[in-house]
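**Student:** Have a look at the structure that comes next, please.
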Amino acid sequence: MAGALAAALSAGAPVVIICAMDEESAPFNEFLTEVSAVSTPLAGVSARRGRLAVGDGGAIDAVLVTSNIGLVAAASAASWATGEFAPAAVISAGTGGGLPADISVGDIAVAEACTYGTADATEFGYERGQVPRQPVRFESSPELVAAALAGIPGSSAGALRVGRILSGDTFVTTRNVADMREAFPDAVATDMESCAISQTASAFGVPFISVRGISDLCGPSAGQDFHMGVDEAAAHSRDAVRALLAAL
């Protein structure tokens, strides 16, 4: 291990992994040992702590949080978990919608940065996706992005797509996908949690990354498979997260 984040892991700080749904957190349970339930003060939020297997015989301390769907639910869970566990890193995991025209279900979207895709204060001079007086982009940890590039292509997960992940409270569908692609040409996926978790991690000064398995295509073309079961896409996310952590 090398780098500040890896040093924090070596010192015993856990990684907090946040999923929105039980179906997204469930695949991690297969690789989580020495498990203990964690009491949470938030309604609808559950957490488990244990040792997550990440490589050939390796394991790290991890807290697996299931937050519920949406920006507020994700930010609330991230704030509680970050304050409670002082983690080495926070990872947003689970499933997402594929945005580029050439992405496939089962691929892995890794966030170099996150943006609120549905935010629009351009009438007042802000950039598309920028909440007033906030950054346009909440950047991921360069150390975690480098680990993703080094580790994930060798995993059993799908093809790796690295770019921006957009979060919001509306779905991107065939109706509005062209507008989103034009406004955010570097975006690889959409979800309803990652940017809120990224903003929270940034406020706490904790390294962050989002790793999502593509379960649906925002604007499928004729002949494309456009849907994969949540459990299968979430397992791809889990494999990618474990590969990333093993590469640190």
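**Student:** Do the conditions hold for A62, that is, is it of a type outside the set (F, W, Y) and either in a strand (DSSP E or B) or surrounded by fewer than 20 Cβ atoms within 10 Å (Cβ to Cβ) (or both)? So that I can check it myself, show each step before the final result.
**Tutor:** Details: of a type outside the set (F, W, Y): yes; either in a strand (DSSP E or B) or surrounded by fewer than 20 Cβ atoms within 10 Å (Cβ to Cβ) (or both): yes.
When the stated conditions are applied, A62 passes them.
**Student:** Something else about it: Return the residues of the stretch 10-20 that are closer than 24 Å to A74 by Cβ and either open to solvent by 50 Å² or more (accessible area, probe 1.4 Å) or in contact with a strand residue (DSSP E or B) (Cβ under 6 Å, 6 or more places away or on another chain) (or both); say none if nothing qualifies.
**Tutor:** Keep residues of the stretch 10-20 that are closer than 24 Å to A74 by Cβ, which gives 13-20.
P14, V15, V16, I17, I18, C19, A20 - these are the residues of the stretch 10-20 that are closer than 24 Å to A74 by Cβ and either open to solvent by 50 Å² or more (accessible area, probe 1.4 Å) or in contact with a strand residue (DSSP E or B) (Cβ under 6 Å, 6 or more places away or on another chain) (or both).
**Student:** With respect to D102, determine if the residue is over 24 Å from A8 (Cα atoms), surrounded by fewer than 17 Cβ atoms within 10 Å (Cβ to Cβ) and among the charged types (D, E, K, R).
**Tutor:** On the way: over 24 Å from A8 (Cα atoms): yes; surrounded by fewer than 17 Cβ atoms within 10 Å (Cβ to Cβ): yes; among the charged types (D, E, K, R): yes.
For D102, the condition - over 24 Å from A8 (Cα atoms), surrounded by fewer than 17 Cβ atoms within 10 Å (Cβ to Cβ) and among the charged types (D, E, K, R) - is met.
**Student:** Moving to a separate point now. Please work out which residue is modelled with the lowest pLDDT, limiting yourself to the stretch 160-189 and to residues that are touching a strand residue (DSSP E or B) at 6+ places or on another chain (Cβ under 7 Å) and open to solvent by 20 Å² or more (accessible area, probe 1.4 Å).
**Tutor:** If we take residues in the stretch 160-189 being touching a strand residue (DSSP E or B) at 6+ places or on another chain (Cβ under 7 Å) and open to solvent by 20 Å² or more (accessible area, probe 1.4 Å), then V172 is modelled with the lowest pLDDT.
**Student:** Further, regarding this structure: If I filter the stretch 200-230 down to residues being of a type in the set (F, W, Y) and either under 17 Å from A93 (Cβ atoms) or assigned to a helix (DSSP H, G or I) (or both), which single residue comes out as least open to solvent (accessible area, probe 1.4 Å)? So that I can check it myself, show each step before the final result.
**Tutor:** Within the stretch 200-230, the subset of a type in the set (F, W, Y) is 204, 208, 226.
Adding the requirement that they be either under 17 Å from A93 (Cβ atoms) or assigned to a helix (DSSP H, G or I) (or both) leaves 204, 208.
On the way: F204: 105, F208: 6 Å².
That would be F208.
**Student:** Would you mind finding the one in A77, A6 that is under 21 Å from A201 (Cα atoms), at pLDDT below 95, in a helix (DSSP H, G or I) and open to solvent by less than 30 Å² (accessible area, probe 1.4 Å)? Can you show your working first?
**Tutor:** Working: A77 fails: at pLDDT below 95.
Going through A77, A6 in turn, just one is under 21 Å from A201 (Cα atoms), at pLDDT below 95, in a helix (DSSP H, G or I) and open to solvent by less than 30 Å² (accessible area, probe 1.4 Å): A6.
**Student:** Which of the residues that make up the stretch 196-220 are more than 18 Å from G158 (Cβ to Cβ) and out of contact with any Phe, Trp or Tyr (no Cβ under 6 Å at 6 or more places or on another chain)? Break it down into steps so the answer makes sense when it comes.
**Tutor:** Start the filter on the stretch 196-220 by keeping residues that are more than 18 Å from G158 (Cβ to Cβ), which leaves 196-208, 219.
If the condition is that a residue be more than 18 Å from G158 (Cβ to Cβ) and out of contact with any Phe, Trp or Tyr (no Cβ under 6 Å at 6 or more places or on another chain), then A196, I197, T200, A203, F204, G205, V206, P207, F208, G219 are the ones that fit.
The values are calculated or read from the model by the stated rules, or taken from the named source; none is laboratory data. None of these values were measured; they are calculated from a predicted model. Every residue, glycine among them, receives a Cβ derived from its backbone with ideal geometry; neighbour counts consider all protein chains shown. Protein only, heavy atoms only, side chains kept; ligands, DNA and RNA dropped before computing areas. Shrake-Rupley method; radii C 1.70, N 1.55, O 1.52, S 1.80 Å.
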